[in-house]
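Worksheet: the structure to be examined is printed underneath.
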Amino acid sequence: MIDQIFEPRVYWGILIGMAALAVVVFVSLLFVTAGYGVMYNRRWGPAVGNRLGWILMEAPSFLAMGALWLLSARRAEAAPAVMAGLFLFHYFQRSFVFPLLIKGKSLMPLSIVAMGVTFNLINAYLLGGWIFYVSPSGAYATDWLWSPAFVCGTVIFFAGMAINWHSDYIIRHLRKPGDRGHYIPRGGMFRFVTSANYLGEFVEWVGFAVLTWSWAGAVFALWTFANLAPRARSLHRRYLSEFGDEYASLRRRYIIPFIY
């Protein structure tokens, strides 16, 4: 039964559609700022607490990939298991650890949560589907784990994760308890970009695309950039508006050092 939902024409149609939609989303978000986090806006409708919102939004990806792994005839194969394990490691932290570390009482619109859930389920379908169902039999034999693509991709993946976690740590510690002031993040990759945490996440999924050497991974990396780069641009403009010349003098790019 599950193999039917990965019928090649359906799978590749969804993958191509998602690649095209990423371009549309990128352009749209240059004009519309998603109203969550520091950019929260009541116009996005009913909201829940930020912690609950992140759990509701990210956990479906963790659960869907886990289910696709367990239901697959390839579940005991080493390379697919390791690749799925890396994906689950990221989403376990993002679903069940990161939300508990959030400080303050920000809100997240349920509309944002719903869009995030939809994307995360489709993404798990594409990546889990490729790893466990659609890729040619034997494409990920055990020796894939020491192939140049897997080794280089894994290094990039963990480098991105380190940047992401360290940047989140810097952001969480900008304020002392009870302080509601706004401050410029400094240190780490914030020396080069406004949104170092987004840079880290983008690098992670570029690494995952390399270690799987797949179109599904490439489309996820594309979507990560399409979603986060416009937000990084909006945050950059907010910092310029709030801190003026002090921020401008730092000469930071939005999300990609020295480039964008």
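Miscellaneous remarks
- The helix-only estimate of mean residue ellipticity at 222 nm for the chain, built from DSSP H runs of length n ≥ 4 each weighted as -39500 (n - 2.57), is -20500 deg cm²/dmol after division by the residue total.
- For Ser106, residues with placed amide H under 5 Å, excluding near neighbours: Asn50
- Karplus 3J(HN,Hα) series, Hz, for the stretch 212-225 with 6.51 cos²θ - 1.76 cosθ + 1.60 (x for Gly, Pro): 8, 6, 9, 5, 4, x, 5, 5, 5, 4, 4, 5, 4, 5
- Here the Karplus curve 6.51 cos²θ - 1.76 cosθ + 1.60, taken at θ = phi - 60°, turns the phi angles of the stretch 69-77 into couplings of 5, 5, 8, 7, 5, 9, 4, 8, 6 Hz, with x standing for Gly and Pro.
- Label-point separation, Arg42 to Arg180 (7 Å along Cα→Cβ), nm: 1.5 nm
- Ellipsoid semi-axes in whole angstrom, largest first, where each is sqrt(5λ) of the Cα gyration tensor of the chain: 33, 20, 17
- Residue among Gly116, Gly17, Gly160 with the largest mean-square fluctuation in a Gaussian network model of the chain, springs linking Cα atoms under 10 Å: Gly17
- Selection among Leu63, Leu222, Leu240 by position relative to the dipole of the chain gives Leu240 as farthest towards the positive end (Cβ unit charges, Cα centre).
- Amide hydrogen proximity for Ala47: with H placed 1.01 Å from N in the peptide plane, the residues at 5 or more positions away or on another chain lying under 5 Å are Leu110.
- Label point distance in nm, Val10-Ser147, each placed 7 Å from Cα along Cα→Cβ: 2.7 nm
- Cα-centre dipole for the chain with unit charges at Cβ (Lys and Arg positive, Asp and Glu negative), debye to 20: 1060 debye
- Placing pseudo-labels 7 Å out from each Cα toward the beta carbon at Ser249 and Ser111 gives an inter-label distance of 4.0 nm.
- Stretch in the chain that is longest and holds no trypsin sites (Lys or Arg not before Pro) that DSSP places in a loop and that have at most 11 other beta carbons within 10 Å: 1-104
A short reminder: the numbers here are calculations on the coordinates, not readings from a lab. Since this is a predicted model, take the numbers as computed values, not measurements. A quick note on method: Cβ atoms are made from the backbone with ideal geometry, for glycine too, and the neighbour counts reach across all protein chains shown.
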